[in-house]
Amino acid sequence: NTPSPMWLEAKSKFEQGNFKGADEALKVIDMESETSMVLSALDRNNEKALIVASEWYTKAKTVMSNDSLQMIERINNAYKYYGEALKILNKIQCSESIKQTKFQYLSDFAILAQCNNDYELAEDKCNSALSILRETTSDISSAYLPDIATTLNNLANLHLHTGKLIDAENEYKESLSITKKLMKANPSAYLLYAM
């Protein structure tokens, strides 16, 4: 399966810095129709579903860069579009690559929510992202450990900001513990953390 023409157009315009054009290229009505079709044929069309999810994710990113819209409209639309992308991913059988994609979408959604002072939503998305990583990680050599450490640190920052100090302390400690293990395994990659 190849990406849709509207997604390719949006990607091209986004890369050129034409954020308004990129946002307008991804037409919500077409995406809703496409989403409906894909979800109805999901069992035989997971790859297409992933493409449609990436369109919603890209739409969430482009709408936030579209300065022709008021900020509240950008945020409300981005919330909706992240939600649509995640709704699709939740219906796809979770392969390794789907888990990675879902983690990325959840993490970006959490960052947006935190920037919007929507701490409850940010915490929910961070916890969901962390759950995906914890399900995936089996040992210290896992490629996901840096993401776990970062997500724990982000969650700790959220909890510190919202006064959940015991949670924050535990998350900071776990994040630090993982980072120390990673530093021992590959000191040059984590040199900046040691400074």
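The values are calculated or read from the model by the stated rules, or taken from the named source; none is laboratory data. Predicted model only: the values in this text are computed from it and were never measured. Side chains included, ligands, DNA and RNA excluded: accessible areas come from the protein's heavy atoms. Shrake-Rupley method; radii C 1.70, N 1.55, O 1.52, S 1.80 Å.
Using alpha carbons only, what's the Rg to Rh ratio of the range 1-103 with Rh from Kirkwood?
Working: Rg = 13.4 Å, Rh = 13.7 Å.
Ratio of gyration radius to Kirkwood radius: 0.97.
Ignoring ligands, DNA and RNA, what percent of the accessible area of the range 59-148 is carbon or sulfur (1.4 Å)?
Numbers: 2030 of 4400 Å².
The value for the range 59-148 is 46 percent carbon and sulfur by accessible area.
Need the full-extension length gain, S177 to N127, defined as separation in residues times 0.36 nm minus the C-alpha distance. One decimal, nm.
Numbers: separation 50, 0.36 × 50 = 18.00 nm, distance 1.87 nm.
Going from the current span to full extension adds 16.1 nm.
Can you pull the semi-axes for the chain, root of five times each eigenvalue of the Cα gyration tensor, sorted largest first, whole Å? Walk me through the intermediate numbers first.
Numbers: eigenvalues 204, 83, 52 Å².
Over the Cα atoms of the chain, the ellipsoid semi-axes are 32, 20, 16 Å.
Out of S107, S97, S12, any idea which swings most in a Gaussian network model of the chain, alpha carbons joined below 10 Å?
For the chain, modelled as a Gaussian network with Cα springs under 10 Å, the answer is S97.
At a 1.4 Å probe radius, which order do R134, R74 fall into by accessible area, largest first?
Details: R134 105, R74 35 Å².
Most to least solvent-accessible, the answer reads R134, R74.
Over 25 Å between Cα atoms: which of K13/K91; K11/K80; K13/K125; K11/K99; K87/K164 fall into that group? List each step's numbers first, then the result.
Details: K13/K91 30 Å; K11/K80 20 Å; K13/K125 29 Å; K11/K99 23 Å; K87/K164 29 Å.
Cα-Cα > 25 Å for K13/K91; K13/K125; K87/K164; rest within.
Extension gain I72-C115, at 0.36 nm per residue separation less the Cα-Cα distance, in nm?
Full-extension gain reported as 14.2 nm.
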